[in-house]
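K.L.:
Next up is a structure, given as C-alpha cells.
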Amino acid sequence: MKKWQDIKLDDETMWPKEGLVKLDRPHVDDRGFIQNLVNFPMKNISLISSKKGSIRSNHYHLTDWHYMYVLFGSFDYYYKPTNSDVDLKCIRVKKGEMIFTPPMEDHATFFLEDCNLLAMSRNPRDQKTYESDTRRIILISPEDLK
C-alpha cells in the first residue's frame, strides 16, 4: 500500500478560480455559528502565528496548494505565476477572509499587524515533504516595502 503522504486527493478542477475565496454562509443558531472553510480532502492544517512587520513565504510550491484563513490580524499577499514576467499583484487579507495559493505561484506575505492564521494544504507538512516541494525565492524584501 502506498504511504498516505503519496496519495493524491484532488485535481485542479476542485480549486478556487481566484485567490480570495468566497466563503459559504455560516450556519447560525442560538449556540453560535459554524463556518465551513474547505470541503474537500487535504493532508495538513497548521496554525501560523506571525508578528507585525514580518515577511513569510517568499517561495513557490511544485505540487502543493494551500488555503490561509485569518483568525485575527491582517496581511498583504503578494503573488504572480512562477517563471512569468507578469506584474506582481497584492491582495490585503483580513480577519475572517481566506486566500488560496495554487502550485507554481510565487507568493509572499507581509504582516500588517500580529496575525494568527490557519494554513490548510494538499501535502503533508513534515519537513522532508515540505522542503522537497518548496522553492525559495525573494519576491518581496523589507526594502521593497518601505
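K.L.:
How many residues are under 12 Å from N123 (Cα atoms) and within 16 Å of the chain's Cα centre (by Cα) if we restrict to region 1-21?
P.N.:
The qualifying residues number 0.
K.L.:
Determine whether region 40-50 contains at least one residue that is closer than 17 Å to K17 by Cα and not acidic (D, E).
P.N.:
yes
K.L.:
Residues in region 109-122: is at least one basic (K, R), under 24 Å from L47 (Cβ atoms) and more than 13 Å from the chain's Cα centre (by Cα)?
P.N.:
Scanning region 109-122 turns up no residue that is basic (K, R), under 24 Å from L47 (Cβ atoms) and more than 13 Å from the chain's Cα centre (by Cα).
Okay, residues lined up against (1) in a helix (DSSP H, G or I); (2) over 16 Å from S50 (Cβ atoms); (3) in contact with a His (Cβ under 9 Å, 6 or more places away or on another chain); (4) of a type in the set (F, W, Y):
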{"position": "Y77", "(1), (2), (3), (4)": "no, no, yes, yes"}
{"position": "V86", "(1), (2), (3), (4)": "no, yes, no, no"}
{"position": "I91", "(1), (2), (3), (4)": "no, yes, no, no"}
{"position": "P103", "(1), (2), (3), (4)": "no, yes, yes, no"}
{"position": "T109", "(1), (2), (3), (4)": "no, no, no, no"}
{"position": "N116", "(1), (2), (3), (4)": "no, no, no, no"}
{"position": "N123", "(1), (2), (3), (4)": "no, yes, yes, no"}
{"position": "S132", "(1), (2), (3), (4)": "yes, yes, no, no"}
{"position": "R135", "(1), (2), (3), (4)": "no, yes, yes, no"}
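K.L.:
Shifting gears a bit: Is it the case that region 92-100 has a residue that's surrounded by 13 or more Cβ atoms within 10 Å (Cβ to Cβ), over 14 Å from L20 (Cβ atoms) and within 12 Å of the chain's Cα centre (by Cα)?
P.N.:
The answer is no; no qualifying residue exists.
K.L.:
Something else now. Step by step: first the residues of region 23-66, then only those that are among the acidic types (D, E) and farther than 28 Å from Y130 by Cα, then the one that is nearest to the chain's Cα centre (by Cα). Which residue is that?
P.N.:
By that ranking, first place goes to D24.
K.L.:
Out of all the residues in region 58-88, which are hydroxyl-bearing (S, T, Y) and under 15 Å from R125 (Cα atoms)?
P.N.:
Y60, T63, Y67 - these are the residues of region 58-88 that are hydroxyl-bearing (S, T, Y) and under 15 Å from R125 (Cα atoms).
K.L.:
Output the strands (runs of 3 or more DSSP E) that fall wholly within region 27-70 and possess 1 or more residues being touching a residue at least 24 places away in the same chain (Cβ under 8 Å), or say none.
P.N.:
Per the criteria, 44-50, 55-61.
K.L.:
Continuing with this model, one more query. Could you list, in sequence order, the residues of region 78-91 that are touching a strand residue (DSSP E or B) at 6+ places or on another chain (Cβ under 8 Å) and either more than 23 Å from S132 (Cα to Cα) or surrounded by fewer than 19 Cβ atoms within 10 Å (Cβ to Cβ) (or both)?
P.N.:
Correct list: K80, P81, T82, V86, D87, L88, K89, C90, I91.
K.L.:
Follow-up question, since we're still on this one. Name the one entry in K43, K80 that is basic (K, R) and over 22 Å from W4 (Cα atoms).
P.N.:
K80
Readers should treat all values here as calculations from the given coordinates under stated rules, not as data from a laboratory. Bear in mind the structure is a predicted one, so any value in this text is a computation, not a measurement. Because the Cβ atoms are built from the backbone with ideal geometry, glycine has one as well, and the counts that use them run over all protein chains shown.
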